[in-house]
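The values are calculated or read from the model by the stated rules, or taken from the named source; none is laboratory data. Since the structure is predicted, the reported quantities are computational estimates derived from the model, not experimental observations. Methodologically, a virtual Cβ is constructed for each residue, glycine included, from the backbone with ideal geometry; neighbour enumeration extends over all protein chains shown. Protein only, heavy atoms only, side chains kept; ligands, DNA and RNA dropped before computing areas. Shrake-Rupley method; radii C 1.70, N 1.55, O 1.52, S 1.80 Å.
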Amino acid sequence: MLPAFIFLSGCWDYKDLNEAIIPIVAAYDISEDKRFNYTVTTFSPNIEPEAERDNIIISKDFLNAGEFRQRLAHTSGRNYVLGRLETIIISEELARKGVGDVFDTLFRTPQIRYSLLLGVVEDRADEFMHFEEKEEKSLGKLLSLMLSVSQMHSFIPTTTLHELGIGINDIGYNPVIPTLKVQNNRVVLSGVAIFKSDKLIDKIDMDETRSLSLLRGIDTFGYIRFVVKEDGKIIDTGTVRGQNSRKVSVKRKDDTFIFTIDIDYEEAELIEHTGTQKINEEHLQKIEKNLAADIKEECEQFIKKMQTVYKFDCIDITRFAQAKWRKEIRDKIDNGFIEDAKINVNVSVDVQLKGETY
């Protein structure tokens, strides 16, 4: 039994947690120091007993991610543990330049999970990391919670490192990433950043984000305001909350590709309304009809913007054409394919009334 204890102890390579830095958020910027390319800032909980600070924030300039780790080893005696990293924040400036180079090392690092959550901030990411959220003890945990559940409470998608990797390497798929900002002394989700491959092309607000999410088929559960009109007059307004789904079909007529997007806003619960009419089946049908028309109009406006301004597919429908005609359209995907396509939208809304009618 004595020799067995030697092999079972497992203490020969132990490291005290107090001697480690365990980042849960990393932020990336373009370096303000002309000698370097990037700045990375890490946010780690301080696990030392009776520590004066709850968190450890470290910023370093570097030419590439590997050099950052080397420089950190020269300036800190602590072991750097990457396995608990949950969120990566990207500055808008870096996102517009392109994140492929700086993220390449992340894709190749086994300790980093592909389920990492992504967000884009309007200003510098390192400054954002120093913001102290009054109602939350840890900014790192707040970011993780906000980004992980966003699409279950709103139309803002949850985007992971894996999805960004697909967008960088797969022709025809372009990722979208939630945007964050500080507003009224609080961190808030402000919309979505639209990427073409690894570069940010545009930022859109919450209203356009809803249209993008519905068209893209992102599984969200959000609120939509409705307006019911009769004879040109508003007779009722209110809010419904439901879950969306999408079906896409595509056919070809000579060189023209015709897409049909069917959007279903299902089991939408009536949250509130301001009209004096009694809520019965007839009035629910009016709500459904008006809401479906409004959603259809907003989606068609977004499609027009996509085809005339962006000129690339940001609603993830190209893959349905690739499934049938991949070899024929591969060279056209980023050169006129989505601009020349005909895209039709059908919207179906199902509003349900829970509780008593009134």
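Placing pseudo-labels 7 Å out from each Cα toward the beta carbon at D207 and K229 gives an inter-label distance of 1.4 nm. Between the amide H of D123 and those of E92, distances stay under 5 Å, these residues lying 5 or more places away or on another chain, with hydrogens modeled in the peptide plane. For segment 132-236, the carbon plus sulfur part of the accessible surface works out to 49%, probe radius 1.4 Å.
Rounded if a/c is under 1.5, else prolate if a/b beats b/c, else oblate: with a ≥ b ≥ c from the C-alpha gyration tensor eigenvalues square-rooted, which is segment 143-272?
On the way: a/c = 2.04, a/b = 1.13, b/c = 1.81.
Oblate, because a/c is 1.5 or more while a/b does not exceed b/c.
Residues in segment 160-165 carry Karplus couplings, in order, of 10, 4, 4, 5, 5, x Hz; the curve used is 6.51 cos²θ - 1.76 cosθ + 1.60 with θ = phi - 60°, and Gly or Pro positions show x.
Placing a pseudo-label 7 Å from each Cα along the Cα-to-Cβ vector at Q352 and D54 gives an inter-label distance of 4.0 nm. Put simply, when 160-166, 330-336 are sorted by average Cβ atoms within 10 angstrom per residue, most first, you get 160-166, 330-336. Distant-in-sequence amide contacts of I56, defined by a placed amide H-H separation under 5 Å and a gap of 5 or more residues or a different chain, comprise S44, N46. A 1.4 Å probe run over segment 109-249, with the rest of the protein chains in place, finds 44 Å² accessible per residue. The peptide list 338-344, 179-185, 35-41, 277-283, put in order of mean Cβ contacts within 10 Å with the highest first, becomes 35-41, 338-344, 179-185, 277-283.
The protection proxy used here, the mean number of other Cβ atoms lying within 10 Å of each residue, ranks peptides 54-63, 290-299, 101-110 as follows, highest first: 290-299, 54-63, 101-110.
Solvent exposure of segment 263-358 amounts to 58 Å² per residue of accessible area, where only protein heavy atoms count and the probe is 1.4 Å. Taking label positions 7 Å along the Cα-Cβ direction at both R241 and K311, the computed distance is 4.3 nm, reported to one decimal.
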